[in-house]
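The values are calculated or read from the model by the stated rules, or taken from the named source; none is laboratory data. Everything quoted here is computed from the prediction, not taken from an experiment. Note: ideal-geometry Cβ built from the backbone for every residue, glycine included; neighbour counts use all protein chains shown.
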Amino acid sequence: MRRTNRAKRAFLAVMGDEKRQRITIPVFAILLSLVAGAVVYLILGKNPITAYVSFLQGSGLLPKSSYAAKKSMITDLMSMLNAWTPMLFASLSVAVAMRSGLFNIGVSGQMLVAGLITTVTVGYADLPALVARPLVVLIGMAVGAAVSALIGFLKYKWNINEVVSAIMINYIVRYAASFVIKYFLADPVSRQSRAIRDSARLSLMDAPVGGLKMDIPLGIILAVAAVILVWFLFQKMRLGFEFRTIGANPKAARYAGINVGRNLVVTMALSGALAGLAGVTYFMGYYGSIQPDTLISTGFDAIAVSILGNSDPVGILFSSFLITVIGKGSTYMSSNVGVRQEIGSLITGLILLFAACGAFFRYMLARSRQRQAESERLTVQADDGEEAGA
Amino acid sequence: MTILTTAIIDGLSFALPLFIMAIGGIYSERSGVTNLAIEGLQGMGAFVGALAVTLLAGVFPAGSQAPMYLAMLFAMLGGMVYSLVHAVLCVKFRADQVISGVVINILAMALTTFLTSQINATVLGAPSNKFVLGTSNRFSIPGLSGIPVLGAVFTNLYPFELIIVAVAFIAWYVLYRTPFGMHLRACGDNPHAVDAAGVEVSLVRFRAIMISGALSGLGGICFAYSISAQFSPGIYMGYGYLAIAGLIFGNWQILPTLGACLIFGFARSGGFALTQVMGLKAAFSDLFMILPYLITLLLLVFFSKSNHPPRALGEIYDKGKR
């Protein structure tokens, strides 16, 4: 009894007050899922430590024991950054909407439209890279923003729940894109859209640098800039303040004279522009082609990644990095440890599940702290009483 | 068999699993809990059903239809157990219901994909990412199937279609004609009144979500067992989301939702048939699959005034709040 009490007290002290919980709760969620993952490894008779180290090795954060020709830790790292870029954009996109109290569940669809339209317009065009690449970025942003703004407009004008309309648009886009790809763009061998020209591609693939061949994601610069801009928007700008106010309490915002409807469309457009960037850095960068019949999972994962990062640009920087490391490192882990690589997405799923419980953890912690404070006060009172009696 | 009959047969066998998943969604949403988790629930249900049959494959004689009914039972159980995650998160842990649904879908996909591969590799010793299932027999109702055109409705039926019709009827009766159903519907509109009447809101919602899980699992195994004869990650085609479109289209009521699902099913099979008749490339069938989603979206735009989600949908029930 005494011991559990002490353990509980230590736990409460570590988790800290509400401000610190913004960091401790996600970390707690991550630890829980790593432990759960370790249990799975143990059941399969594998060493979890070796497995987790292989994740880091596979994504270029730790050196592997041997490398193929022209490959090194740097090339692994660059390849991981290449995968990270779209995830970072997608999570920022979700976060911008979420700060205003809106769900952008349509990120996957917006990514796909942006990828498809840039593929058709610029991907196969004979343009110099200096023209093609900026064009891809601009068109992608504009397309993503337009689709997402439509969702905002539907909510503003007809009060259609943005989650519902986004799901419908996701699937409309998915099937429309499949049709276009199969009918006009299909490569007869891969059944995907034909590979785009290198001059339009936002990642340099197998670029020879210092005797190595590495992938260089040009979009990562934009992504980091976007993180800073979004941070600046929320912390320093009036528009960001209005977004946050609406997210916290739309009625109060309206009373304070904020144009809620206009802001709704603007938020969604901004969120969509970021989703568009995620789309072009994925389809025109990381992947270089589009598969028909799929909505990629990045857009859905991004929702949970954003929650794990508290919808905060800096938090997202960390959470999206972690999720990408797990995803990217799983292939090497699989060959090294001999467990199917799908366990990577399982661990990711668990992290997201525990992150979704964040509100509950916060609630429980608040209650425990309150109880603890109360019982301490009672003991202090009892002590005082004894002293007075003596 | 003419193309029209084929279209009717295929449309019906697609619409009914969709309908039963949508009924599950109606149960959950009418009790006030947003359910975007149908996609994950049906996948998990189908996985559990397929796993049970695969593991017990040696027990049954070849050609026996018993495994299919066993698969359905296990799929319902699997979906129901997995839906407890959604129930605990939404009702007890006060998590955001939309987030919970999304996370459950992600987790279901990850979990079933991993387990399928891993179990195939370690237990069955065959590296594969799917469970191959037996084929379901089909039957026609004598007499009725002889009616011109409409007879197609009674031709080449899968056994699951009858089961779904029966389950759907029970679900309709429970929702509209029993005290439990009334409490459930009241929980979605005015949970405080239910509480005041002495009924535990969280308990009703818990049950509603579990029913939703079981029905989604049933829908999932119908897609896996009878229609594609295998369980693979390809089960996550977005039919769970299509079921959600169906129940919104049906205004959260069972009979209109049946209509919506039939429209979706026939739009799909009719599209396939039309591409065949007109000699178009198979890619055109994708264009027809746009229709259900587009129709639902347009319906929301034009009839947004008469489309009523339950009033307390998506709100966390807080006893102290008035």
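Only one entry in B:Val85, B:Val81 is assigned to a helix (DSSP H, G or I) and free of Cβ contacts under 8 Å to residues at least 60 places away in the same chain, namely B:Val85.
Here is a yes/no grid of residues against (1) more than 18 Å from B:Gly219 (Cβ to Cβ); (2) modelled with pLDDT of 90 or more; (3) not β-branched (Val, Ile, Thr):
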residue: B:Gly49; (1), (2), (3): no, yes, yes
residue: B:Phe60; (1), (2), (3): yes, no, yes
residue: B:Met68; (1), (2), (3): no, no, yes
residue: B:Ala71; (1), (2), (3): no, yes, yes
residue: B:Phe74; (1), (2), (3): no, yes, yes
residue: B:Gly79; (1), (2), (3): no, yes, yes
residue: B:Ser83; (1), (2), (3): no, yes, yes
residue: B:Val91; (1), (2), (3): yes, no, no
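Look at (1) more than 30 Å from A:Tyr183 (Cα to Cα); (2) buried (at least 20 other Cβ atoms within 10 Å of the Cβ); (3) away from chain B (no Cβ under 13 Å) and you find that A:Ser330 fails only one, number (3). If you go through segment A:183-200 and pick out every residue that is more than 19 Å from A:Thr121 (Cβ to Cβ) and within 14 Å of chain B (Cβ to nearest Cβ), you end up with 2. For segment B:128-149, a residue qualifies if it is away from every other protein chain (no Cβ under 14 Å) and without any contact (Cβ under 8 Å) to a residue 60 or more places away in the chain, and the qualifying residues are B:Arg138, B:Phe139, B:Ser140, B:Ile141, B:Pro142, B:Gly143, B:Leu144, B:Ser145, B:Gly146, B:Ile147, B:Pro148. Can you name every residue in segment B:295-307 that is within 7 Å of another protein chain (Cβ to nearest Cβ) and crowded, with 17+ Cβ neighbours inside 10 Å? Across segment B:295-307, the qualifying residues are B:Thr296, B:Leu297, B:Leu300. Restricting segment B:108-127 to residues that are within 9 Å of chain A (Cβ to nearest Cβ) and under 18 Å from the mean Cα position of the chain (by Cα) leaves a set whose member that is surrounded by the most Cβ atoms within 10 Å (Cβ to Cβ) is B:Ala108. Taken over segment B:221-269, residues that are hydroxyl-bearing (Ser, Thr, Tyr), within 25 Å of A:Ile296 (Cα to Cα) and assigned to a helix (DSSP H, G or I) amount to 2. Among the residues in segment A:278-301, are any hydrophobic (A, V, I, L, M, F, W, C) and within 12 Å of chain B (Cβ to nearest Cβ)? Yes, segment A:278-301 contains a residue that is hydrophobic (A, V, I, L, M, F, W, C) and within 12 Å of chain B (Cβ to nearest Cβ). Taken together, the residues in segment B:274-290 that are more than 9 Å from every other protein chain (Cβ to nearest Cβ), under 19 Å from A:Ala176 (Cβ atoms) and part of a helix (DSSP H, G or I) amount to 2.
Conditions (1) hydrophobic (A, V, I, L, M, F, W, C); (2) modelled with pLDDT of 85 or more, marked per residue:
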position	(1), (2)
A:Leu295	yes, yes
A:Gly299	no, yes
A:Phe321	yes, yes
A:Ser330	no, yes
A:Phe354	yes, yes
A:Gly358	no, no
A:Arg369	no, no
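Restricting segment B:53-64 to residues that are farther than 21 Å from B:Lys130 by Cβ and touching a Gly at 6+ places or on another chain (Cβ under 9 Å) leaves a set whose member that is surrounded by the fewest Cβ atoms within 10 Å (Cβ to Cβ) is B:Gly63. Filtering segment A:354-365 down to residues that are surrounded by fewer than 24 Cβ atoms within 10 Å (Cβ to Cβ) and aliphatic (A, V, I, L, M), which residue is nearest to the other protein chains (Cβ to nearest Cβ)? Among those that are surrounded by fewer than 24 Cβ atoms within 10 Å (Cβ to Cβ) and aliphatic (A, V, I, L, M), it is A:Ala359.
Take the conditions more than 14 Å from chain A (Cβ to nearest Cβ), aromatic (Phe, Trp, Tyr) and in contact (Cβ under 8 Å) with a residue 40 or more places away in the chain and apply them to B:Phe266. Does it pass? Spelling it out, B:Phe266 is indeed more than 14 Å from chain A (Cβ to nearest Cβ), aromatic (Phe, Trp, Tyr) and in contact (Cβ under 8 Å) with a residue 40 or more places away in the chain.
For segment A:151-169, enumerate the residues that are within 22 Å of the chain's Cα centre (by Cα), more than 8 Å from every other protein chain (Cβ to nearest Cβ) and at pLDDT 90 or above. Correct list: A:Ile151, A:Gly152, A:Ala166. Scanning segment B:154-162 turns up one or more residues that are of a type in the set (Ser, Thr, Tyr) and either surrounded by fewer than 17 Cβ atoms within 10 Å (Cβ to Cβ) or in contact (Cβ under 8 Å) with a residue 40 or more places away in the chain (or both). Counting residues in segment B:159-178 that are touching a Gly at 6+ places or on another chain (Cβ under 9 Å) and either in a loop (DSSP other than H, G, I, E, B) or closer than 22 Å to B:Thr6 by Cβ (or both) gives one or more.
When the residues of segment B:86-100 are filtered to those that are facing chain A (nearest Cβ under 9 Å) and in contact with a Ser or Thr (Cβ under 8 Å, 6 or more places away or on another chain), the one that is surrounded by the most Cβ atoms within 10 Å (Cβ to Cβ) is B:Leu89.
Name the one entry in A:Ile181, A:Ile169, A:Ile151, A:Ile196 that is among the aliphatic types (A, V, I, L, M), outside any helix (DSSP H, G or I) and either in contact (Cβ under 8 Å) with a residue 24 or more places away in the chain or surrounded by 21 or more Cβ atoms within 10 Å (Cβ to Cβ) (or both). Write out each step before concluding.
Working: A:Ile181 fails: outside any helix (DSSP H, G or I); A:Ile169 fails: outside any helix (DSSP H, G or I); A:Ile151 fails: outside any helix (DSSP H, G or I).
Result of the check over A:Ile181, A:Ile169, A:Ile151, A:Ile196: A:Ile196.
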